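Where a number appears in this text, it was derived from the coordinates with a stated rule and is not lab data. Note that the coordinates shown come from a computational prediction; the quantities given were computed from them, not determined experimentally. Quick reminder, even Gly has a Cβ in these numbers, built from the backbone with ideal geometry, and neighbours come from all protein chains shown.
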Amino acid sequence: MDRTPSRDGTLIAHRRRGDGPPVILVGGALSTAATETPLAELLASRFSVVTYDRRGRGSSGDGVPYAVEREVEDLAAMIDRVGGRAAVFGMSSGGALALEAQAAGVPVDLLAVYEPPFAPDAPSRRAKAHYATRLHRLLSAGDRAGALQLFLSLAGMPADMVARMRHAPLWRGLESLAHTLAYDDAILGNGAVPAERLGSVTARTMVITGGFSPTPMRTLTRILADAIPRARHRTLTGQTHDLAPQVVAPVLAEFFSKDVYVSRAS
């Protein structure tokens, strides 16, 4: 993997595949560049696709104290690396990060996000606040396994499955990323949909949800699409938050092939 310095000097590890207009994939919680590889390979026949280890993950460096602004600068550094403009796809909390980056002026031509996990009502925001308190308490105590278990439970994974995962080889890798759960939590703020901030998103945007995702999540994505000036909404039949790369790849390829972007990037 190559490494590019972010604005604060932190080295961000990334990999580039394919030729064509640049597309950058921004992963969600507990993801790394490797997590995004299947989707990147599906898009690489038409685009130059960049996957990267977000700050604190994989082969990338970290910075203390953490600030969302540093992650915005990391994405900006990736875009600078590919020529100064790009299309971006953000998954889950990576979508929230991509939206914040574009609202902050990071040059994105086309932006697609899948189910950024904001909390659209008071009960869900209270649940997020409770989660954040517990998460920071566990991480402060050095209990990465506990923090990981808390997140997986919040994501809806049954307790018996979490217990089995703790004995699987992949658990150690996930545990090494557990501290970045606090980063994703910070990106979402108090969980409320940042409607005023989203009004500053200038890129043509597609907000995507899964047809089998819970009703509150599908409703949330419509709220997000309504708050973004140049946004459209898309539902992928049969999909949940565990998105299948082979389903979303052709949707992204079509959206990222808009004449205005391809001509500008070529």
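Only helical DSSP H runs with n ≥ 4 go in: add -39500 (n - 2.57) per run for the chain, normalise by residue count and round the 222 nm mean residue ellipticity to 500 deg cm²/dmol.
Theoretical 222 nm ellipticity from helices: -13000 deg cm²/dmol.
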Inter-site label distance for ARG197 and ALA127 at 7 Å from Cα along Cβ, in nm: 2.1
Karplus-derived HN-Hα couplings along segment 14-20 (A = 6.51, B = -1.76, C = 1.60, θ = phi - 60°), whole Hz, x at Gly and Pro: 8, 9, 10, 10, x, 10, x
9 Å beta-carbon shell around ARG70, net charge (K/R +1, D/E -1): -3
Rg and Dmax [Cα atoms of the chain; Å; Rg one decimal, Dmax integer]: 17.5, 52
Total formal charge among the other residues, if their Cβ is under 9 angstrom from that of THR205, Lys/Arg +1 and Asp/Glu -1: +3
Bridge type composition, the chain - antiparallel percent by DSSP, nearest 5: 25
Amide H within-cut-off set for LEU11, under 5 Å, with H built and near neighbours excluded: SER6, GLY61
Estimated dipole of the chain in Debye, rounded to 20 [Cβ of Lys and Arg +1, of Asp and Glu -1, Cα centre]: 180
Residue with peak Gaussian network fluctuation, the chain [Cα springs, cutoff 10 Å], from ARG137, ARG164, ARG17: ARG164
Gyration tensor (alpha-carbon) shape descriptor, segment 117-229, a/c threshold 1.5: prolate
Segment 110-162: translational diffusion in µm²/s, Stokes-Einstein, Kirkwood Rh over Cα pairs, 4 °C, 1.567 mPa s: 103
VAL26 long-range amide H proximity, modeled H, under 5 Å: PHE89, GLY90, MET91
Whole-number Å³ per residue for the convex hull built on Cα positions in segment 1-138: 113
